[in-house]
Each structure stands twice: as C-alpha cells, then as structure tokens.
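Read-outs: derived from the displayed coordinates by stated rules, not from any lab. Quick caveat, the model's predicted, so the values are computed rather than measured. Neighbour counts run over all protein chains shown; Cβ positions are idealised from the backbone, glycine included.
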Amino acid sequence: MKLLKLLLIALLCLAPALTHADFRGAWVATVWNINFPSRQGLSPDQQKREIRNLVANAKAVGLNALVVQVRTESDALYKSRYEPWARWLTGSQGRDPGYDPLATFIQEGKRAGIEIHAWINPYRAAANKSHPRSSSHPSNKFRSSLKTVNTMLWLDPGDPKVRDHIVRVVKDLVSRYDVDGVHMDDYFYPYPKNAARPASFNDSRTYKAYGRGMSLADWRRDNVNQLISEVSRAVKSERRSAKFGVSPFGIYTKGEPADVKAGVDQLNMLYADPLLWMRKGWVDYLAPQLYWPDKGPQSFSSLLKWWRDPKNNPRKVPIYPGIAVDRMTSHGWSSNEIARQLDLEDRIGPRDGAGFLLWNMKAVMNNTKGVRKVIEREK
C-alpha cells in the first residue's frame, strides 16, 4: 500500500510534464488551394490520398499537430449546418464534395497520433468578391454588415448578430467533430495597405448603434474581445479537453519590445488585444506570427522573449511561435535560419507547454532546401 501511494505521488508530480508536452505543428491552408486540396475538382479518392499524405509527412518529420483551415471565407471544409461547402474543394461554393474532409483529417490524424485543430477565419466573407457565392452563404443573411475591403468581402465585427453567428458555427463544429482544438488567425479587422495608418473600414453604422461612448479604436478592440471570450466559452462548453488558440500578428504594439521596429501592430492597427486574452484565461495558447529573421529590425528572438516574458504573460499561457518556412521560397531564406529559430524556440523561456507552428506544410511536403532534416532534429 505504501509503495502504491508513492507511485501515485510520483505520477501526480509528472502530470504537468505530461500535460504540457511540446506542440510541434504546421498550418494546412485551404484558401487558394495553398496546401489542400492541391487544386479544385479532384475526386474524393484523390483528396483523401492528399489528406493521408499530409498526415504521413507530418508524422515523418516529428510533428504532432496539424492546424487545418476549415473555414476560409464563411464557408466549410466539413458538413456545416450553417454555411456552404468551400469552393476550394470542387470549384463551386456549396457543392458537396462527396465526402467529409474534416472527418477524414480527424480519422487519419488519430491513426497517426497527430492532433487536428480546426482553423477558422472569423470575418472574411469572400477572398475575392468577384467569385459567385452560394445562396446559403452568410453574406446574404448579413447584407447590411457586408463590407468591401480591396478585392475581399468582410463581415463587420461590430454587428452582434455576426458575432452570434460565428459562435453558433463554432459550437456546431465542436459538438459534432472530435477536433483537438479550434484556432483563429489574425484576420479580425483588415490589414492596412500602408503601415503608416489603419485600413479604411466603413463601420460607422454599427459604431453609432453600439459604440456606447467608447472611442472607435476601443470599441473595435472590445468587439474582438467579446468574440474571443464567447468562442472560448463555446469551445469549452462543448468539449472541455479541446484547446482554443489564436495566431496574432507578431508585434503587439509599437515600442514593445524596445529594440523592434514596428510598422503594423496588433493592438492599434488590427484592433486586437492578445495580452488581455492571456490574462483573462480566454486562450489555451497563442501562436504569434514571428515571420522575420533573427537579429534583424523585427528580431525573432527579441519578439519571442517578449511574448514569453512573465510580465506580459503572467498565466504562463503556452507561446508557440509561428515560423515562416515558406520564406525559404518567397524571401530566399536558408534552412539555417529555420534551424536557428527552432533552436531559439527550444532555449528561450519560460517554456511551459511550449512548441512551434510552421507556416505552412508546402515547404515540408516539398522538402524545400532540405528543411525536413532540420525539423526532424526537433523530434
């Protein structure tokens, strides 16, 4: 009996380590067929083979999670009760692909020991406004809150009915699919074309109706805060074990940290406050997009230290830096830069439940500049 008690005590002491195993993930992007499916109109069997290949490649390099984009433009990569099938599957929004992609990802992920997190874009209504939209698309329901942003369509975050719809979508998804988590990216208010000032966004109608005496900037941040809080509750109410995380822009605000040069920042130009979300306990992790080389004007190591600093993150919310493996192609990075960033992630603390998230799976699948060996060393 004494030996049994000692064993139980030992297991309890080990529990935090088991609970906080490193997260080694990658994004699987659906929009514009970046990662999956590789093109529109593939047969169900062809798409299923691509899913199996993505999961197998993730496992082979030592990843343990895939963050799969299941809602790109108020659509669905699964059988939604509220939104149409994504055009990226068949070439036509609303057309049934003949199988359930998310269910297949979950099935293959379980076989391989890979977590599947459902990634949603909350407010983007159309990646290109010229594309035809299904009659069941939310843009038809929320016409008065539909905004044009360059070539895109955007649902107004200031409309409470839009927020209620997004929360309803999340509850439906988590209640019917055994996902390991729900993930949001940084598309809250639109990015500016010019880093000197925020993007133009016509929300005067909703600001007049719901502003409640707040400044426009504070009201916009409050709209996003409400969404994060309500989605967090929705996820946990349907599946307590499911994680909820967000990947904010990598620079929180100008001057923090002091040695980083900021153009766009998350707090004042994109109207989102991820530090508040961590302090309130609304998120299980953050994956700030640290898509810059180390020791430059936006140094990877300086930013990661800032996000993990207990002064900014007193609850020790896990920080999984987004690492841009795609920049080996788009910006000419070497695989040594990726190796350096993975090493820095491993050394910069506090690392409670730490890890990383790679943007995106294409470089892994193509073994760009031999990056697979770099990632495999993190097993």
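Let me spell out the model: positive unit charges on the Cβ of Lys and Arg, negative unit charges on the Cβ of Asp and Glu, origin at the Cα centre of the range 2-376. What dipole size does that give, in debye rounded to 20?
Using Cβ point charges on Lys, Arg, Asp and Glu, the range 2-376 gives about 420 debye.
Full extension from S43 to H131: what is 0.36 nm times the residue separation minus their Cα-Cα distance, to one decimal in nm?
29.5 nm
How much length is gained on full extension from R347 to S334, taking 0.36 nm per residue of separation minus their Cα-Cα distance?
Here the segment from R347 to S334 would lengthen by 2.6 nm.
Under 14 Å from a point 7 Å along the Cα-to-Cβ line of R377: which residues of the range 330-367 have their amide N that close?
Output list for this probe position: 334-347.
Which length gain, in nm to one decimal place, applies between K261 and A196 when the Cα-Cα distance is subtracted from 0.36 nm times their residue separation?
22.1 nm
Could you please state, rounded to a whole Å, how far the C-alpha centre of the range 318-351 is from the C-alpha centre of the range 280-295?
Here the two parts' Cα centres lie 12 Å apart.
Is the shape of the range 176-269 rounded, prolate or oblate, going by the alpha carbon gyration tensor and its root eigenvalues a ≥ b ≥ c, with a/c under 1.5 for rounded and a/b larger than b/c for prolate?
Note, shape of the range 176-269 comes out oblate.
Dipole of the range 2-376 (Lys/Arg Cβ +1, Asp/Glu Cβ -1, origin at the Cα centre): which of G263, P297, L276 lies farthest to the positive side?
Value computed over the given set: L276.
Report the relative contact order of the chain, percent, no decimals, based on alpha-carbon pairs under 8 angstrom and at least 6 residues apart.
Relative contact order here is 16 percent.
State log₁₀ I(q)/I(0) for the range 2-376 at q = 0.07, 0.10, 0.12 Å⁻¹ as given by the Debye formula over alpha-carbon point scatterers of equal weight, solvent excluded.
Each listed q maps to, in turn, -0.30, -0.63, -0.93.
Quick one: putting +1 on the C-beta of Lys and Arg, -1 on the C-beta of Asp and Glu, what dipole do you get for the range 33-170 around its Cα centre, in Debye to the nearest 20?
140 debye
Identify the trypsin sites (Lys or Arg not before Pro) of the range 214-277 meeting these criteria: DSSP loop state and at most 15 other C-beta atoms within 10 Å of the C-beta.
Answer in residue order: R240, K254, K261.
With runs of 4+ DSSP H residues as the only contributors, calculate the mean residue ellipticity of the chain at 222 nm using -39,500 (n - 2.57) per run, divided by the residue total and rounded to the nearest 500.
Value at 222 nm, helices only, nearest 500: -11500 deg cm²/dmol.
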